[in-house]
Amino acid sequence: MNILDDQRFKAMVGSLFLASLFALAFILMQVMTSQGLFGLQDNGPLVLAFDINSPFINYGLAIITSSIVHTDTSHLLLNTAILIIFGPRVEKALGRSIYLTFFLFLHLVSLLVLTLTFGIGLEHSIFVSGASAAILGILSFSLLIQGKFKTNILAFILIAGASIQTATPDYISLIGHLTGLATGTITYLIWKSVHQKMNPNI
C-alpha cells in the first residue's frame, strides 16, 4: 500500500510540515549564531522572536516567524512531540488548510493578548518565541474532540502550574499558554456547534 493512501499519514501531513519548519528554523538559528552570521551572537533566535515593545518592527515579520522559532532544544522537542501526537486528530477534523490556519490563528490571538496585557511603549523589550500557545490550543481541541473534558481541565491546571514554576518576567509564559488553551477550547465549542447544525444526523 502506498504510504500516501494511508489515512493516518494524510492526517499528519500538516503537523509534519509545521514540525519541519520548527526544526529548520532551529537549525538555521544555531548555524547563524555559531558562525556569527549577520552579527548574530547568543541572542540569535531573538531575531525572529516577537517583541511586545515593537510588534511591527521589520515590517511585522516576527508576528509570523515567532511561531516557529524556539530558543532551546527542550522547548522545540516538547512542542514537536505534542504537535505530532495530538495534531493529526485536529487536522483530520478540520482539514489540512483550515488546520494550518487554525495554528496561525492561535498564535496571533496569543500575541494580541500579550500585547494588550503588557502594552506597547515599554522601556525594555519583551520577546516572545515558540509555538507553545498554538500547540496547547491544538492539544485542547484534540482532547475535546475525544470527549475528554476532565483531561482538558487537568491540562489547564498542569500548564498553569508549570508556567508559574518556570515563569518569565511578568508571567508572560503563563498568560500565553493559558490563552492558547482557552482559545483552543472556545474554538472547539464554536466548531462543534456549527458542525452539528451542518450535520444534524451525526
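What ranking of LEU104, LEU181 comes out by heavy-atom accessible area, probe 1.4 Å, highest first?
LEU104, LEU181
To the nearest 0.05, how large is the calculated FRET efficiency for LEU61 and GLN196 if R₀ is 35 Å and r is the Cβ-Cβ distance? Don't jump to the answer; show the numbers that get you there.
Working: r = 39 Å, r/R0 = 1.11.
Computed FRET efficiency for LEU61 and GLN196: 0.35.
According to a simple spin-label model (label point 7 Å from Cα along Cα-to-Cβ), what is the distance in nm between ILE84 and ASN53?
3.7
Counting Lys and Arg as +1 and Asp and Glu as -1, what is the net charge of the other residues whose Cβ lies under 12 Å from the Cβ of ARG89?
Numbers: positive: ARG8, LYS92, LYS148; negative: GLU91.
Within the 12 Å Cβ shell, the charges total +2.
The values are calculated or read from the model by the stated rules, or taken from the named source; none is laboratory data. Small disclaimer: the values here were computed from a predicted structure and weren't measured. We place every Cβ from the backbone using ideal geometry, glycine too, and count neighbours over all the protein chains shown. The protein model used for the area step is the full one, side chains on, heavy atoms only, and it has no ligands, DNA or RNA in it. Shrake-Rupley method; radii C 1.70, N 1.55, O 1.52, S 1.80 Å.
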